[in-house]
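The block underneath contains the structure these notes are about, expressed in structure tokens.
The values are calculated or read from the model by the stated rules, or taken from the named source; none is laboratory data. From a predicted model like this one, the values you see are computed outputs, not experimental measurements. Heads up, the Cβs are rebuilt from the backbone with ideal geometry, glycines too, and the neighbour counts pull from every protein chain shown. All accessible areas refer to the heavy atoms of the entire protein, side chains included, with ligands and DNA or RNA removed. Shrake-Rupley method; radii C 1.70, N 1.55, O 1.52, S 1.80 Å.
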Amino acid sequence: MRLADMLSTAIQDGNLAPGTKLPTHRAFADQAGVALATATNAYRELEKRGLIIGEAGRGTFVRDLGLPPTLGVQQTATDGLVDLIFNMPGDASDADMLRTGLRRLASAGDLEAMLRYQPHGGRAHERRIIAESLGSTLGPIDPECLLITSGGQHGLATIALGLFRSGEAIAVDTITYPGFKSVAALKGLELVPVEGSDGVMNPKDLERQCCARKLRAIYVMPTVHSPLGTVMDAATRLRLIEIARKHDLLIIEDASYAFLEPDPPPSLISVAPERTVYVSGFSKSIGTGLRLGYVIAPKSHIDRLLELIRATTWNAPALISGLVTGWIEDGTLAKSEDARRRDGAERQQICRAVLGGSDILAHHNAGFAWLQLEKGVRAEPIVTRLKERGISVSGAEPFATTVAVPQALRLAFGGLPIDELAGIFEAVRDVIEETSIS
């Protein structure tokens, strides 16, 4: 413990910086004048405290204490809680994917160009690569109508800040993505909740809202809703488009998790490209730390969106866009998406085996689920009790657009060690049962 405490102090004081490679167990034992077993136990204790990480074949490194947890090497949040709030899919092998991608970039020509300002909407050949990769699901996409952003959230911000005036109203689901709520609040947009069933907007209620007031747009996640995981059927999509055309509404189609559904109905942009702004990114399918996204919009909106990209980030980082488009071309992205689907399916099975399936809304390939609580059971005391037991989870309030917030829990488990999931779900189940009884 003395050795572990000594290293712990050095790490927390900043004397050992994040990413510092530590000596091997044997070298550390020699330096400290202790037995190999003692050095090994010290390293093991530091791993338990979340201060160091071991990477197979590379060694042991000081962990960045400011980062959220990732699968395998960083198992808990910095405050010591198991994090079921942020969905951070990943695998220890992702680091090898990054190393390979960086080596490819390092061996390529014209690296100097990456150090310079880039076109605001992204380099032409990279816009073409992304556009062509979407052809099988979205149909032909004009690369000039596709703009590269610094992540999907930046894409949403660009849309909200660039295409709307303060005070305009946008129709949304009663449960929606908090990131869109935040950018709408930043712009001063009014979000009008439209009734629906489990994340599928009801066209009749949208029509009613359109007749009752002036709406400027609708925001939907038709393919794998976040956080509910649902996939909107083709008939509902066509009906929403019909209403949008009748009332001249812009459609914002958020497809951040669409890759999880292998056989979706036609996208809204493929049916109504003249009024649909499509936004997505690669954080969910590759890595949350690689912030690269894109917006596809009618040509009439491109100049305004470019202005917002210039004003907010000037351009997406060329290094990241080079990495991602390289992975598109060599098939790495497709493999990563397939791995995420398989991993999510396995996690969903564990979730349903422990928590049951009747009150869970989730896509079968997603690393997150919406757990609806029984009548009379409140989410707030469950969230509090779980935190006391070391588990951080979210209620429905961040996702709700109505005054009356449903009693539910959102569980995000894409980044937790899969062999620990059953135990974590059991703890959640036990607290729910205890709260229900009391």
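Summary of computed values
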read-out	value
Filter result for the condition that a residue is more than 19 Å from D198 (Cβ to Cβ), out of contact with any helix residue (DSSP H, G or I) (no Cβ under 9 Å at 6 or more places or on another chain), open to solvent by less than 30 Å² (accessible area, probe 1.4 Å) and small (G, A, S), over G322, G331	G331
Among residues of the range 285-316, those that are on the phi < 0 side of the Ramachandran plot and open to solvent by 60 Å² or more (accessible area, probe 1.4 Å), counted	10
Residues that are over 13 Å from V277 (Cβ atoms) and of a type outside the set (D, E), drawn from the range 142-156	P143, I148, S150, G151, Q153, H154
Flag if I218 is assigned to a strand (DSSP E or B), crowded, with 20+ Cβ neighbours inside 10 Å and touching a Phe, Trp or Tyr at 6+ places or on another chain (Cβ under 8 Å)	no
Whichever residue in the range 287-311 is free of Cβ contacts under 8 Å to residues at least 60 places away in the same chain and not small (G, A, S) and, among such residues, is nearest to D96 (Cα to Cα)	L290
G423 on the phi > 0 side of the Ramachandran plot, small (G, A, S), without any contact (Cβ under 8 Å) to a residue 12 or more places away in the chain and surrounded by fewer than 21 Cβ atoms within 10 Å (Cβ to Cβ)	no
Qualifying positions in the range 139-166 - assigned to a helix (DSSP H, G or I), open to solvent by less than 20 Å² (accessible area, probe 1.4 Å) and more than 18 Å from L250 (Cα to Cα)	G152
Residue match in the range 150-167 (condition: within 25 Å of the chain's Cα centre (by Cα), hydroxyl-bearing (S, T, Y) and under 17 Å from S280 (Cβ atoms))	yes
Odd one out for E433, checked against (1) exposed (fewer than 14 other Cβ atoms within 10 Å of the Cβ); (2) part of a loop (DSSP other than H, G, I, E, B)	(2)
Top-ranked residue of the range 329-372 - restricted to ones that are without any contact (Cβ under 8 Å) to a residue 40 or more places away in the chain and polar (S, T, N, Q), ranked as nearest to R128 (Cα to Cα)	Q348
Residues being open to solvent by 70 Å² or more (accessible area, probe 1.4 Å), in contact (Cβ under 8 Å) with a residue 24 or more places away in the chain and not β-branched (V, I, T) - total across the range 7-37	3
Residue count, the range 172-190 (criterion: in contact with a Phe, Trp or Tyr (Cβ under 7 Å, 6 or more places away or on another chain) and hydrophobic (A, V, I, L, M, F, W, C))	4
Residue selected from the range 234-255 under the condition open to solvent by less than 70 Å² (accessible area, probe 1.4 Å) and acidic (D, E), by the criterion farthest from the chain's Cα centre (by Cα)	E253
Number of the exception - F282 against (1) crowded, with 18+ Cβ neighbours inside 10 Å; (2) in contact (Cβ under 8 Å) with a residue 60 or more places away in the chain; (3) closer than 28 Å to M88 by Cβ	(2)
Which numbered condition I418 fails, given (1) open to solvent by less than 30 Å² (accessible area, probe 1.4 Å); (2) in contact with a Lys or Arg (Cβ under 8 Å, 6 or more places away or on another chain)	(1)
Unique residue being open to solvent by less than 60 Å² (accessible area, probe 1.4 Å), modelled with pLDDT under 75 and in contact with an Asp or Glu (Cβ under 9 Å, 6 or more places away or on another chain) when the list is P89, P68	P89
Flag if E380 is of a type in the set (D, E) and without any contact (Cβ under 8 Å) to a residue 12 or more places away in the chain	no
In the range 38-54, residue nearest to D83 (Cα to Cα) [restricted to those that are outside any helix (DSSP H, G or I) and open to solvent by less than 50 Å² (accessible area, probe 1.4 Å)]	G50
Scope the range 187-203; condition over 22 Å from the mean Cα position of the chain (by Cα), assigned to a loop (DSSP other than H, G, I, E, B) and surrounded by fewer than 19 Cβ atoms within 10 Å (Cβ to Cβ); matching residues	G188, E195, N202
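Quick grid of which residues meet (1) open to solvent by 10 Å² or more (accessible area, probe 1.4 Å); (2) free of Cβ contacts under 8 Å to residues at least 60 places away in the same chain:
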{"position": "E168", "(1), (2)": "yes, yes"}
{"position": "T176", "(1), (2)": "no, no"}
{"position": "D205", "(1), (2)": "yes, yes"}
{"position": "K214", "(1), (2)": "yes, yes"}
{"position": "V224", "(1), (2)": "no, no"}
{"position": "Y257", "(1), (2)": "yes, no"}
{"position": "L260", "(1), (2)": "no, no"}
